[in-house]
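Each remark here refers to the structure printed beneath this line.
The values are calculated or read from the model by the stated rules, or taken from the named source; none is laboratory data. Quick caveat, the model's predicted, so the values are computed rather than measured. Don't worry about glycine lacking a Cβ; one is built from the backbone with ideal geometry, like all the others, and counts go over all protein chains shown. Ligands, DNA and RNA are excluded from the accessible area calculation, which covers all protein heavy atoms including side chains. Shrake-Rupley method; radii C 1.70, N 1.55, O 1.52, S 1.80 Å.
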Amino acid sequence: MRFSFVKTGFCFLLLLAAGAGSLLAIAVPQQSGATHAFPVMRELTGKKLGGGEFLQDIDDHVLRIRISYDLGQGRRIEEKAAFEQGSELIQKESSWRELRGDALQREYTVDFASGKATARKQEKEGPKTSSGKVEIARSQTFAGFGFVLALQNLRDRLVKGETIELKAVGFTPKPRVVSVKLSYEGTDRTRMSNRLLRGEHFMIKPEIPAIAKLFIKISDTNIWLTSPPSGFLRWEGPLAEPSDPVVRVDLASGDESGPARPVSER
């Protein structure tokens, strides 16, 4: 993501850690269960890039996420993650990778036990690996789809008008930490699968030092959730790195996909 944010969002690497005074831990008022869905990745124009498969299951009390996209011509994106969701939401592992055929193009992983973050990328000169250690705080640090789970459980605070400052770990290509702010942007109508669906709009805004803005542009990431019970509806953001195009992931497939509009607009 610029610094390479991932969520995955669906398809992006985004690690979140609570800023001072913002969170002690993320409580879990809404536990997630087994889900099987087929999201679609698009350009912002609505043009389909590829179909996806989303699997969410409980294995020995651990919530496991597996997301994959087929972008054609042998290009695939895969994300995996695991979480504990007892009284607190705790991420255990995360990986995101892009392949062409069997050849790895790039990969971002985080070991939440050790704090080791690693980026692997195929360059013109050959494969390049960068790694480093990042500070992982229990129930305060998340990656990839963990960002959606965190938003679901922070939803009430954000809707009431609170802005929550967190930390994001990105890859440039070495792991680095930047501050981000989460905010609620209102309720929108999103055109998706030949219907207008209502979604609650949340934004993640990176806080980049002024000097860094001269050298790198990091786009905001936008997430739409369904009204409670909160669930994923749409994600928009750079696929993985600052130079990547901004893409859209819709929960529902179909021929039509349009920009979100505030419900007050006709």
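Structure above, values below:
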quantity: First in region 177-205 and among the acidic types (Asp, Glu), second anywhere and at pLDDT below 90 and part of a strand (DSSP E or B), Cβ under 6 Å, 6 or more apart; calculated: none
quantity: Matching residues in region 242-259 - criterion: being open to solvent by less than 30 Å² (accessible area, probe 1.4 Å) and in a strand (DSSP E or B); calculated: 247, 248, 249, 250, 257
quantity: Residue satisfying all of: in region 110-150; among the hydroxyl-bearing types (Ser, Thr, Tyr) and open to solvent by 30 Å² or more (accessible area, probe 1.4 Å); nearest to residue 27 (Cα to Cα) among these; calculated: 114
quantity: Filtered residue count, region 151-164, keeping only those that are open to solvent by less than 10 Å² (accessible area, probe 1.4 Å) and in contact with a Pro (Cβ under 9 Å, 6 or more places away or on another chain); calculated: 0
quantity: Count of residues meeting criterion [modelled with pLDDT under 85 and open to solvent by 50 Å² or more (accessible area, probe 1.4 Å)] in region 207-241; calculated: 8
quantity: Qualifying residue in region 134-144 (condition: closer than 22 Å to residue 203 by Cβ and touching a Pro at 6+ places or on another chain (Cβ under 7 Å)); calculated: no
quantity: Residue check for residue 46: open to solvent by less than 50 Å² (accessible area, probe 1.4 Å) and not in a strand (DSSP E or B); calculated: yes
quantity: Residues located in region 100-127, provided they are out of contact with any strand residue (DSSP E or B) (no Cβ under 9 Å at 6 or more places or on another chain) and not charged (D, E, K, R); calculated: 126
quantity: Residue check for residue 102: closer than 26 Å to residue 222 by Cβ and modelled with pLDDT of 90 or more; calculated: no
quantity: Test for residue 139: is it of a type in the set (Gly, Ala, Ser), under 17 Å from the mean Cα position of the chain (by Cα) and over 18 Å from residue 222 (Cβ atoms); calculated: yes
quantity: Scan of region 49-86 for residues that are surrounded by 15 or more Cβ atoms within 10 Å (Cβ to Cβ) and assigned to a loop (DSSP other than H, G, I, E, B), ordered by number; calculated: none
quantity: Which numbered condition residue 72 fails, given (1) modelled with pLDDT of 95 or more; (2) in contact with a Phe, Trp or Tyr (Cβ under 9 Å, 6 or more places away or on another chain); calculated: (2)
quantity: Which listed residue is part of a strand (DSSP E or B), more than 16 Å from the chain's Cα centre (by Cα) and at pLDDT below 75, from 191, 176, 198; calculated: 176
quantity: Breaking point among (1) free of Cβ contacts under 8 Å to residues at least 40 places away in the same chain; (2) farther than 16 Å from residue 195 by Cβ; (3) not β-branched (Val, Ile, Thr), for residue 237; calculated: (1)
